[in-house]
């Protein structure tokens, strides 16, 4: 691949001085792939008179394709070897934590190479080359915008999280006095159209197609060739991920395709634009699981999920049962506040906890032989899973009545796997429901709420009920666990069961 002199210098600098800092290859020199060299070749292209062709670059890459490493290498090149005295290099992002990702990677590269560490002074949020008075700093959109900046090179990480155009525009305007400045946005796709990234993305496509003649704008975006593609097809994954089959593990994408909502997989792994940020199920997936003839079997183990309301305006009970290779679910009880939350009568309506308790006793009586197994015999009654934070009074009473009560706190550590289990069963059509409209409404009201441990289903607004969806996630998760094999206890005949 033919490269201009600037691109070749950048590539040589990165491979000679920049090292990996994580995993099995930590400490080893970076070896650029052909597609990375292609990016550098385009980004650092020059005009016939030797001047830099582009002032702005937008590079779209799905997650885990090495955006941060590439951005860090480019930033260090701009700081040390781009020939700009007094260069100001910035790592920018929507917040300081995100902005520090590229900077920290660059910092580790400096610290791991003797020549760089001797040449560059390292501070917490600044790298300084005293011989040229050049600096590399972190700058975030959530910090007070500083005036008087004259950037030479900017690495704008994850442009999709920018709250507005202010930081981007400040960097562009500050570059006015530099001879060969370069702004590089390296990002994954976003959602919605009223955003800085979407405007840049649309502009880049027009430049690429020739509709707009702007030689100063470099655009390279990896995404599937067809927008309406099969997002589960590995061939599509390869189109959107230049590192696929190299250092991007195919098994990792296969796992995520089974456990991640479609809109998230398309954004983060296919680098496709989506219209919403939080939909958790593919359109129509719930309806594909409908089978009005399916019902719970009184002779098979039954797991019951209970969700009591935080604000006492809704409660739900859902039963789940594994029948062969599918899990059958039924809404077994629901209590909803009939009033609009803005109606004053809403405050006076309360769930009858006694009704909920009585319904659970009825379920216990209806499914007398659906519990755990002890010495080859099925224990009476199903398992009832509940959040102790909202059922502390009822659980001991029901347990005293012979119900098998199991604590299931609605923490992220529990609800993130529960949401993903429910998602996988639905999308693989291994879950069956009878089409209950209330359950359908609660499921479709839910949205994906990303947490540090992963995503879980949550409310999209305070007015929409999702309690039945939460109870469903708890029930189906417990249903996937094998029926506990319980040894006989010396107390068995005395009315106490030791599990």
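The values are calculated or read from the model by the stated rules, or taken from the named source; none is laboratory data. Given the structure is predicted, the values throughout are model-derived calculations rather than measurements. Glycine also receives a Cβ, built like all others from the backbone with ideal geometry; neighbour counts cover every protein chain displayed.
Tabulated data
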| item | result |
| --- | --- |
| Residue 263, sole failed condition from (1) in the same structural domain as residue 359 (by TED's automatic domain parsing); (2) within 13 Å of the chain's Cα centre (by Cα) | (1) |
| Residues of the range 9-26 that turn out to be on the phi > 0 side of the Ramachandran plot and either outside any helix (DSSP H, G or I) or outside the structural domain of residue 115 (by TED's automatic domain parsing) (or both), as a count | 0 |
| Filtered residue count, the range 27-52, keeping only those that are on the phi > 0 side of the Ramachandran plot and touching a residue at least 60 places away in the same chain (Cβ under 8 Å) | 1 |
| Strands (runs of 3 or more DSSP E) enclosed by the range 53-146 - at least 1 residues per element that are at negative phi and under 24 Å from the mean Cα position of the chain (by Cα) | 56-60, 88-93, 134-140 |
| Selected residue [closer than 18 Å to residue 220 by Cα and either modelled with pLDDT under 95 or touching a strand residue (DSSP E or B) at 6+ places or on another chain (Cβ under 6 Å) (or both)] from 43, 79, 61, 32 | 43 |
| Matching option when the condition is under 15 Å from residue 82 (Cα atoms) and surrounded by fewer than 15 Cβ atoms within 10 Å (Cβ to Cβ), among 48, 5 | 5 |
| Whichever residue in the range 315-333 is assigned to a strand (DSSP E or B) and over 31 Å from the mean Cα position of the chain (by Cα) and, among such residues, is surrounded by the fewest Cβ atoms within 10 Å (Cβ to Cβ) | 323 |
| Subset of the range 186-210 (residues that are assigned to a helix (DSSP H, G or I) and either outside the structural domain of residue 44 (by TED's automatic domain parsing) or within 28 Å of the chain's Cα centre (by Cα) (or both)) | 196, 197, 198, 199, 200, 201, 202, 203, 204, 205 |
| Search result, residues across the range 211-230 that are assigned to a loop (DSSP other than H, G, I, E, B) and within 20 Å of residue 172 (Cα to Cα) | 212, 213, 214, 215, 216 |
